[in-house]
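The values are calculated or read from the model by the stated rules, or taken from the named source; none is laboratory data. The model shown is predicted, which means the values in this text are computed figures rather than measured ones. Because the Cβ atoms are built from the backbone with ideal geometry, glycine has one as well, and the counts that use them run over all protein chains shown. Ligands, DNA and RNA are excluded from the accessible area calculation, which covers all protein heavy atoms including side chains. Shrake-Rupley method; radii C 1.70, N 1.55, O 1.52, S 1.80 Å.
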Amino acid sequence: MGTMSLFKRLVFVLLSLSTPLYAQEQKGILVKGKKVTATIAAGQQHIYQVHLEKNQFALVRIVQHGADVKVNTYDQKGRPIGEFDGANGNSGPEEATLISVEKASYRISVTAQWTGGDRPYYELTLATVRSKAANTAGRIDELMAAFDDPRSPGAAVAVLKGGKLVFEKAYGMADLEHHIPLRTTTPQQIGSITKSFTNYCMFLLEKAGKLSMDDDIRQYIPELPDFGHRITLRQISQHTSGLRDYATLRGMARYEIDTWEMFFKMLARQHDLNFVPGEDVLYSNTGCTLFAVIIQRLSGQSYAQFVKQHIFDPLGMQSSAVQTEQGQLLPGIAASYDRTANGPKKLYVLGDLYGGTGVISTARDMAIWAKHLLHPKTNADIIHKMASPGKLNDGTLTTFGSGLMIADHQGHLELGHSGAVAGFKAHVGIFPDDDIAVVYLANNNDVNSRPIARQIAELYFSSKGKTSTARKLVSAASQKTAPAPEPVDKSQLVLSEYTGLFYSDEVPTSYWFKVIDGQLVIQPGYNSDMKLTPESKDRFSGAFDGTVEFSRDSLGHISGCRFTFPRMRNLYFRKLPVN
């Protein structure tokens with residue numbers, strides 16, 4: 001064996017080790033503007049080469065048709081650079097970027113994580129090749145390149161440093177039907193960032209002597225069921241109340257809970273909490289929706305009027321408002337979209353509920369709000385309370401403040417909140433130790449707003465981060481103690497035991513459990529069948545991205561089951577007799 005032959009084999013081994021072991025297939029060299037169409041199976045990986053000059057920026061666009069793909073980029077030596085996996089599932093666009101450091105051939109892998117349909121495939125195009133950015137503003141343009149397109153919904157960005165607005169720019173379109181570009185002054189829904197405003201209002205009422213955050217919520221909303229435990233306003237604000245998330249209940253019920261009457265009727269049906277108040281932490285939209293009711297009852301004003309009078313007007317957020325009913329006219333607001341394999345589709349905000357969502361604002365107005373959080377001229381005590389970690393009954397501190405999340409990003413303390421509603425995605429990230437704030441508002445459903453906002457913030461960090469106190473906080477107490485399921489011998493399971501019709505009067509709805517092709521499945525009405533995988537005796541995974549655990553009566557017969565999944569714990573369904 002010659003020296004060159006040995007060298008080639010060594011290079012091949014090194015390149016193979018730099019990529020996870022999938023069924024790889026070399027697909028050739030990408031040419032700018034030339035679309036490649038390729039079928040792909042789950043677990044298969046396609047490898048492409050891209051020839052770039054020194055200091056070039058490249059944008060690759062992928063459209064998924066039945067294949068959920070992940071894109072990885074590698075440098076000229078085969079070392080990993082970036083990973084790109086959007087929120088589109090197996091249908092719609094993905095984008096990946098690459099920046100060269102020298103003239104060389106770079107590598108892109110496309111890996112199918114899962115597939116659906118008869119012929120899963122994707123389309124890939126090397127859309128852009130240009131000189132890389134020479135300054136920070138240009139780097140943000142590169143991060144936003146996927147949406148800098150008159151045929152695409154987009155996003156608006158604002159950055160504060162040292163209390164000053166140092167960058168603001170919008171990309172893409174606010175309204176594709178009427179060809180209206182997105183601006184930093186275009187109103188958009190901010191989703192759950194509304195919770196920051198709602199909690200601020202609650203602390204204003206406490207400051208005015210109208211309430212105490214340590215009061216029992218039933219003092220102000222007596223129609224809430226008595227769950228046998230005292231639930232304080234503070235526990236609700238810090239997501240430690242155990243109240244179930246009404247949006248999750250809505251998904252289980254298989255119908256919309258979009259009016260106040262439906263909301264309170266659903267709450268009245270609940271028998272249990274997710275956990276004893278203060279024993280755990282779990283995000284819930286229910287709490288701030290109830291807070292909106294308290295704000296109205298104690299102030300004598302509508303929620304929208306109170307927020308305007310006490311926050312928007314004093315801060316000068318003149319383009320901000322609250323949507324309080326479905327179909328409300330909102331001048332100038334952006335439309336929202338879902339980018340699909342067949343092009344963008346419009347989405348709509350439905351329902352009359354607010355408090356957990358409902359605020360409409362612009363990137364420029366939200367920069368004013370971010371500046372207030374960083375450099376408050378009034379109510380600094382309230383912001384301090386909002387940014388203080390939640391506390392469990394055992395003293396454990398959590399990442400949930402009151403209307404602000406607390407996190408560590410690369411050693412930098414981050415305060416903020418994300419939002420998502422009907423195709424709008426948003427994030428406000430505050431880095432107090434760096435005196436930086438980033439606002440990101442998007443009107444397309446497939447972006448992950450927080451990672452993008454963080455990437456933008458990284459461009460403004462002037463020093464490496466230190467280990468912040470946020471690293472010691474927990475996002476869920478149960479994560480510390482959750483026992484591993486006992487191994488199960490699948491051959492010993494009698495799946496027919498678990499079949500039948502199960503009903504919950506808390507939702508209310510019923511689900512069929514059946515054995516199909518040797519596997520236990522749930523048939524939840526209009527949703528697709530859910531295939532269940534045994535984790536232990538009587539416990540299966542695969543139910544609504546969580547687990548279902550069956551209970552037995554004194555004779556050992558299956559009598560019911562409990563569902564546990566994100567934002568829901570132990571929702572009970574009893575087994576019904578079937579003739």
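Remarks
- Failed condition for D149, given (1) in a loop (DSSP other than H, G, I, E, B); (2) open to solvent by 40 Å² or more (accessible area, probe 1.4 Å): (2)
- For L249, the stated conditions hold: it is touching a residue at least 24 places away in the same chain (Cβ under 8 Å) and open to solvent by less than 10 Å² (accessible area, probe 1.4 Å).
- Residues that are out of contact with any Gly (no Cβ under 6 Å at 6 or more places or on another chain), open to solvent by less than 30 Å² (accessible area, probe 1.4 Å) and either in a helix (DSSP H, G or I) or not basic (K, R) (or both), drawn from segment 103-127: A104, Y106, I108, S109, V110, T111, A112, Y122, L124, L126
- Being in contact with a strand residue (DSSP E or B) (Cβ under 8 Å, 6 or more places away or on another chain) and among the hydroxyl-bearing types (S, T, Y) is a condition met by at least one residue of segment 360-380.
- Per-region count, segment 41-75, residues open to solvent by less than 10 Å² (accessible area, probe 1.4 Å) and more than 29 Å from the chain's Cα centre (by Cα): 4
- Test: residue in segment 348-359 that is surrounded by fewer than 18 Cβ atoms within 10 Å (Cβ to Cβ), touching a residue at least 40 places away in the same chain (Cβ under 8 Å) and among the hydrophobic types (A, V, I, L, M, F, W, C): yes
- Every residue from segment 182-213 that is crowded, with 17+ Cβ neighbours inside 10 Å and among the hydrophobic types (A, V, I, L, M, F, W, C): L182, I190, I193, F197, C201, M202, F203, L204, L205, L211, M213
- Residue in segment 496-509 that is of a type in the set (F, W, Y), open to solvent by 40 Å² or more (accessible area, probe 1.4 Å) and in contact with a Ser or Thr (Cβ under 6 Å, 6 or more places away or on another chain) present: yes
- Hits in segment 240-299 - residues which are part of a loop (DSSP other than H, G, I, E, B) and hydrophobic (A, V, I, L, M, F, W, C): L243, I257, L273, F275, V276, V281, L282
- The single condition among (1) within 30 Å of F264 (Cα to Cα); (2) in contact with a Ser or Thr (Cβ under 8 Å, 6 or more places away or on another chain); (3) hydrophobic (A, V, I, L, M, F, W, C); (4) assigned to a loop (DSSP other than H, G, I, E, B) that M317 does not meet is (1).
- Within segment 214-236, the residues that satisfy the criterion of being touching a residue at least 60 places away in the same chain (Cβ under 8 Å) and either part of a loop (DSSP other than H, G, I, E, B) or surrounded by fewer than 19 Cβ atoms within 10 Å (Cβ to Cβ) (or both) are Y220, I221, L224.
- Any chance V281 is out of contact with any strand residue (DSSP E or B) (no Cβ under 6 Å at 6 or more places or on another chain), surrounded by 15 or more Cβ atoms within 10 Å (Cβ to Cβ) and not hydroxyl-bearing (S, T, Y): no
- Answer residue from segment 536-567, given it is part of a strand (DSSP E or B) and among the small types (G, A, S) and is farthest from Y283 (Cα to Cα) among those: S559
- Test result for G78, open to solvent by less than 40 Å² (accessible area, probe 1.4 Å) and either modelled with pLDDT of 95 or more or closer than 26 Å to N448 by Cα (or both): no
- Only one of the numbered conditions (1) open to solvent by 40 Å² or more (accessible area, probe 1.4 Å); (2) within 18 Å of G419 (Cβ to Cβ); (3) at pLDDT 95 or above; (4) in contact with a Phe, Trp or Tyr (Cβ under 7 Å, 6 or more places away or on another chain) is not met by I333, and that is (4).
- Boolean, G403 is in contact (Cβ under 8 Å) with a residue 60 or more places away in the chain, farther than 23 Å from F461 by Cα and in a loop (DSSP other than H, G, I, E, B): yes
- Restricting Y121, Y48, Y74 to residues that are touching a His at 6+ places or on another chain (Cβ under 8 Å), in contact (Cβ under 8 Å) with a residue 24 or more places away in the chain and of a type in the set (F, W, Y) narrows the list to Y121.
- For segment 422-473, filtering for residues that are of a type in the set (G, A, S), in contact (Cβ under 8 Å) with a residue 60 or more places away in the chain and in a loop (DSSP other than H, G, I, E, B) leaves 3.
- Of everything listed in (1) modelled with pLDDT under 95; (2) farther than 30 Å from D175 by Cα; (3) open to solvent by less than 30 Å² (accessible area, probe 1.4 Å), the single unmet condition for D408 is (3).
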